[in-house]
Amino acid sequence: IDGGRAFLATHRAELMRVQARTGVPAEIIVAIIGVETSYGKNAGSYRVLDALYTLAFRYPRSGDPAKLEREVRRELFFRDELGQLFALGREENLDVTKLIGSYAGAMGMGQFMPSSYRQFAVDGDGDGKRNLFTDYDDAFSSIANYFVKKGGWVRDGLVAVPATLRPGAEEFNPTDWTPNHSLADLAARGYQPSAPVPAGATATPIALDDGSAGKQYWLGFQNYYAITRYNISKMYAMAVYQLSQAIAGKELPPA
């Protein structure tokens, strides 16, 4: 949290410009960079080309027949990303043999895969380049653009609010985090928001295991869904949201 506040203070001017232009709050962008690369300090130590080539043609096999289909899908995914890397190198005039990133081939402060780099990276400072490694304007603008273009980020929209589940009601776990359930439908299933929610809003129920304290229940809105487009894990999305609120000095309502 302290690192995020210091990072935001250092780059406030650039972040506020991006926030004004896109509607994605500065603290959300900072939280993403904090979770992904410790505010740019650890963006990976693997040659991206090596990582993608290995995963594309030597994807590890568990030997479990039940997992084989998933392993083949992942291998094909990385083959596509390897091709995307070569295309990115041509488009951005990058030497792909020198790019350093994660063990899975993600790059830059926000850890974009090559396909996401090509599709969502933007030139934030107008210098004619899309540099997600060392150009803060480009990195901030690109993360925000990802949320808007892929996640459908809503300016001034809610991310998530705590909720209660009526005793005896069955927990509702949708197959994805699309916020397409009306508040009336959720109320019929036993969910009630613990904070004000605009009339007509739609949401998705979220259940999180709080260890010895039991379950936490939340309602996630379009902007929560947008964070899950960055990483599909509900825990990832909630971690980013709660970290962003702490960085901004905002207290979350009690669960």
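The values are calculated or read from the model by the stated rules, or taken from the named source; none is laboratory data. What you see is a predicted model, and the numbers here were worked out from it, not measured in a lab. Every residue, glycine among them, receives a Cβ derived from its backbone with ideal geometry; neighbour counts consider all protein chains shown. Protein only, heavy atoms only, side chains kept; ligands, DNA and RNA dropped before computing areas. Shrake-Rupley method; radii C 1.70, N 1.55, O 1.52, S 1.80 Å.
Yes/no per residue for (1) over 25 Å from SER244 (Cα atoms); (2) out of contact with any strand residue (DSSP E or B) (no Cβ under 7 Å at 6 or more places or on another chain); (3) open to solvent by 10 Å² or more (accessible area, probe 1.4 Å):
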{"position": "GLY108", "(1), (2), (3)": "no, yes, no"}
{"position": "PHE112", "(1), (2), (3)": "no, yes, no"}
{"position": "ARG118", "(1), (2), (3)": "yes, yes, yes"}
{"position": "GLY128", "(1), (2), (3)": "yes, yes, yes"}
{"position": "LEU158", "(1), (2), (3)": "no, yes, yes"}
{"position": "ALA163", "(1), (2), (3)": "no, no, no"}
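Among the residues making up region 59-85, none is closer than 27 Å to TYR136 by Cβ and open to solvent by 70 Å² or more (accessible area, probe 1.4 Å). A count restricted to region 221-245 and to residues that are within 17 Å of PRO25 (Cα to Cα) and either of a type outside the set (Val, Ile, Thr) or open to solvent by 40 Å² or more (accessible area, probe 1.4 Å) (or both) stands at 16. Of all residues in region 140-154, those that are under 11 Å from GLN19 (Cβ atoms), of a type in the set (A, V, I, L, M) and over 13 Å from the mean Cα position of the chain (by Cα) total 0. Taking ASP138, is it over 30 Å from THR204 (Cβ atoms), among the charged types (D, E, K, R), surrounded by 12 or more Cβ atoms within 10 Å (Cβ to Cβ) and in contact with a Leu (Cβ under 8 Å, 6 or more places away or on another chain)? So ASP138 passes the test.
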